[in-house]
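What follows is a set of notes on a single structure, which appears directly below.
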Amino acid sequence: MNPARILVLFAHPALQKSRVNRALAGAVKGLQGVTFHDLYQIYPDFCIDVNHEQNLLKVHDVLVFQYPLLWYSVPSLLREWQDLVLEHGWAYGLRGAALRGKAFLSVVTTGGGEEAFRKSPAGRFTLRELLAPLEQMARVCGMAYLPPFAVHGTFQMGESHLRKHTLDYRRTLEAIRDGRLDPAALRDPARINEDLDAVIRS
């Protein structure tokens, strides 16, 4: 089995302020089999090269969105990317099969703690529910949807927790690349990194 080719679409509109996303990005940049694609660096004017982006998607097996959750959604440039690149007749629709059979992973950071994304009067919606539009995007495009890799509580995160998350992120992409995820263990977790030992086969 050949290693999967992973495309990480990184979208952060204020990266200079983000200690956590910079660390996560650093953990996977240069990883064999991973193409790291910083949308805000490449398209500061939001003029997205649709053909280039579609060609990138064609030659990769796994699509990763890495971003901070902003008002319960993706950053605006990543949303623009979806609107322009995932065209009807190419990514979905009767003749839109370009992404069929690929996999999709959302890598999302939140300033608030995990308790803010539980069923409660304060949180109301789980993270999985808030990410439902991305899950539906993947399914409409014929992609396999993986539970999100979620990093909560970035505002108050200490160095030891940050290091664990960066190592877990690298470990997750390595496992996806090498085909070592256990499909049975992925059926219901709220996030893929809830217990990596349970979902990654040795």
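Looking only at region 174-191, count how many residues are among the hydrophobic types (A, V, I, L, M, F, W, C), touching a Ser or Thr at 6+ places or on another chain (Cβ under 9 Å) and free of Cβ contacts under 8 Å to residues at least 40 places away in the same chain. It would help to see each step written out before you state the result.
Keep residues of region 174-191 that are among the hydrophobic types (A, V, I, L, M, F, W, C), which gives 175-176, 181, 184-186, 190.
Cutting the leftovers down to touching a Ser or Thr at 6+ places or on another chain (Cβ under 9 Å) gives us 181, 190.
Next cut, free of Cβ contacts under 8 Å to residues at least 40 places away in the same chain only: 181.
Residues that pass the stated criteria total 1.
Within the bounds of region 94-114, is there any residue that is outside any loop (DSSP other than H, G, I, E, B) and modelled with pLDDT under 95?
Step one: of region 94-114, the residues outside any loop (DSSP other than H, G, I, E, B) are 103-109, 114.
Subsequent filtering for residues that are modelled with pLDDT under 95 retains 114.
Taking every residue of region 94-114 in turn, at least one turns out to be outside any loop (DSSP other than H, G, I, E, B) and modelled with pLDDT under 95.
Return the residue satisfying two criteria in turn: it lies in region 89-103 and is within 21 Å of HIS52 (Cβ to Cβ) and small (Gly, Ala, Ser), and of such residues it is surrounded by the most Cβ atoms within 10 Å (Cβ to Cβ).
For region 89-103, the residue satisfying everything is ALA91.
When residues of region 120-141 are filtered for being in contact with an Asp or Glu (Cβ under 9 Å, 6 or more places away or on another chain) and part of a loop (DSSP other than H, G, I, E, B), how many remain?
So the answer is 2.
So ASP61 passes all but one of these: (1) touching a strand residue (DSSP E or B) at 6+ places or on another chain (Cβ under 9 Å); (2) on the phi > 0 side of the Ramachandran plot. Which condition number does it fail?
So the condition that ASP61 fails would be (2).
For region 150-190: of the residues being within 16 Å of the chain's Cα centre (by Cα), β-branched (Val, Ile, Thr) and assigned to a helix (DSSP H, G or I), which is farthest from VAL107 (Cα to Cα)?
The residue in question is ILE176.
The values are calculated or read from the model by the stated rules, or taken from the named source; none is laboratory data. Keep in mind that what you see is a predicted model, and the values were worked out from it rather than measured. So basically every Cβ, Gly included, is an ideal-geometry build from the backbone, and we count neighbours across all protein chains shown.
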